[in-house]
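Just so it is clear, none of the values below were taken in a lab; they were calculated from the coordinates. Everything numeric in this text was worked out from a predicted model, so none of it was measured. Glycine gets a Cβ as well: all are built from the backbone with ideal geometry, and neighbour counts include every protein chain shown.
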Amino acid sequence: ETAVFQTPNYHVTQVGNEVSFNCKQTLGHDTMYWYKQDSKKLLKIMFSYNNKQLIVNETVPRRFSPQSSDKAHLNLRIKSVEPEDSAVYLCASSSGTDNNQAPLFGEGTRLSVL
Amino acid sequence: GDSVTQKEGLVTLTEGLPVMLNCTYQTIYSNAFLFWYVHYLNESPRLLLKSSTDNKRTEHQGFHATLHKSSSSFHLQKSSAQLSDSALYYCALSDRYYNQGKLIFGQGTKLSIKP
């Protein structure tokens, strides 16, 4: 049973628009992540939050901004989308940042930018 | 920096044959963990295996892998492929010191099992 919930499942938009994706986890985990899976299926970390604090911020364009209201929620906003932003955005969570903690993933939000 | 290499982009096998998906990694951190995730279409990536200590085999759902620090490898194996094994498989590396819990993923290997 999925315990990391992402909305929406799909989103189609035009270049220059703003989009927001939501993620909620019901596991009581302290750490949440956003990953991007591109058209070649490459999976890369974008952001990581631990107890609402940003701890990992990979080199992503400044139009991407994560937002965390509490440790169960981590949203992603993209201001002024570009065609290369078309991808699947995967949210994940884990109980802490110890390296033996395998993150649990949501089903992803597929973004298509026309 | 850390990296994970999965040299096969696509592996096509006939049902019943053994499976081996390659994974090698680079890290200067001695206590890194390796993971295999399986990703079925329109589902979430799901943890399949996590590494244990050096040279110890870990098993789950018919798959197994052994961490070999001497060769920096964590290959995924199964003795007999099933049609339902067709999916995208990712090998991933995690080390707390340098990566603060985030996973570094390989390029992924698509496994296609034919009848």
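About the Cα centre of the protein assembly as shown, what is the dipole size in debye to 20, counting +1 per Lys and Arg Cβ and -1 per Asp and Glu Cβ, all else neutral? Mind showing how you got there, number by number?
Details: 23 positive and 19 negative charges, 33 e Å.
Once rounded to the nearest 20, the dipole reads 160 debye.
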Taking chain B as a Gaussian network, Cα atoms linked when under 10 Å apart, which of B:T12, B:T58, B:T66 shows the biggest mean-square fluctuation?
B:T12
With θ taken as phi - 60° and the coefficients 6.51, -1.76 and 1.60, list the Karplus ³J(HN,Hα) couplings across segment A:31-45 in order, rounded to whole Hz; mark glycine and proline as x.
10, 10, 9, 10, 10, 10, 10, 7, 5, 8, 6, 6, 10, 9, 5
Of B:H64, A:G16, B:S80, which is farthest towards the positive pole of the protein assembly as shown's charge dipole, taken about the Cα centre with +1 and -1 on the beta-carbons of Lys, Arg and Asp, Glu respectively?
A:G16
Here the net charge surrounding A:Q37, from other residues whose Cβ is less than 11 Å away from its Cβ (Lys, Arg +1; Asp, Glu -1), is +4
In the Gaussian network model of chain A, springs joining C-alpha atoms below 10 Å, which of A:A87, A:A102, A:A72 carries the largest mean-square fluctuation?
A:A102
Which GluC sites (Glu not before Pro) from segment A:10-114 combine a DSSP loop assignment with at most 11 other Cβ atoms within 10 Å?
A:E18
Taking chain A as a Gaussian network, Cα atoms linked when under 10 Å apart, which of A:K40, A:K79, A:K24 shows the biggest mean-square fluctuation?
A:K40
Out of every Cα-Cα pair in chain A, what percent are more than 17 Å apart?
50 percent
Which three extents, in whole angstrom, do the alpha-carbon atoms of the protein assembly as shown cover along their principal axes, largest first?
48, 40, 32
For every other residue with a beta carbon closer than 15 angstrom to the beta carbon of A:R77, add +1 if it is Lys or Arg and -1 if Asp or Glu, then tell me the sum.
+1
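For chain A, what is the charge dipole size about the Cα centre, in debye to the nearest 20, if Lys and Arg each add +1 at the Cβ and Asp and Glu each add -1 at the Cβ?
On the way: 12 positive and 11 negative charges, 38 e Å.
Here the size comes out at about 180 debye.
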Inside 10 Å of the C-beta atoms of A:100-109, what's the mean count of C-beta atoms belonging to other chains?
6
State log₁₀ I(q)/I(0) for segment B:2-56 at q = 0.19, 0.26, 0.29 Å⁻¹ as given by the Debye formula over alpha-carbon point scatterers of equal weight, solvent excluded.
-0.93, -1.29, -1.31
Within straight-line cross-link reach of A:K79, lysines at Cα separation under 28 Å, skipping those fewer than 8 residues along the same chain:
A:K24, A:K36, A:K40, A:K41, A:K44, A:K52, A:K71, B:K102
Considering every pair of different Cα atoms, what Kirkwood radius, in Å, is found for chain B?
14.2 Å
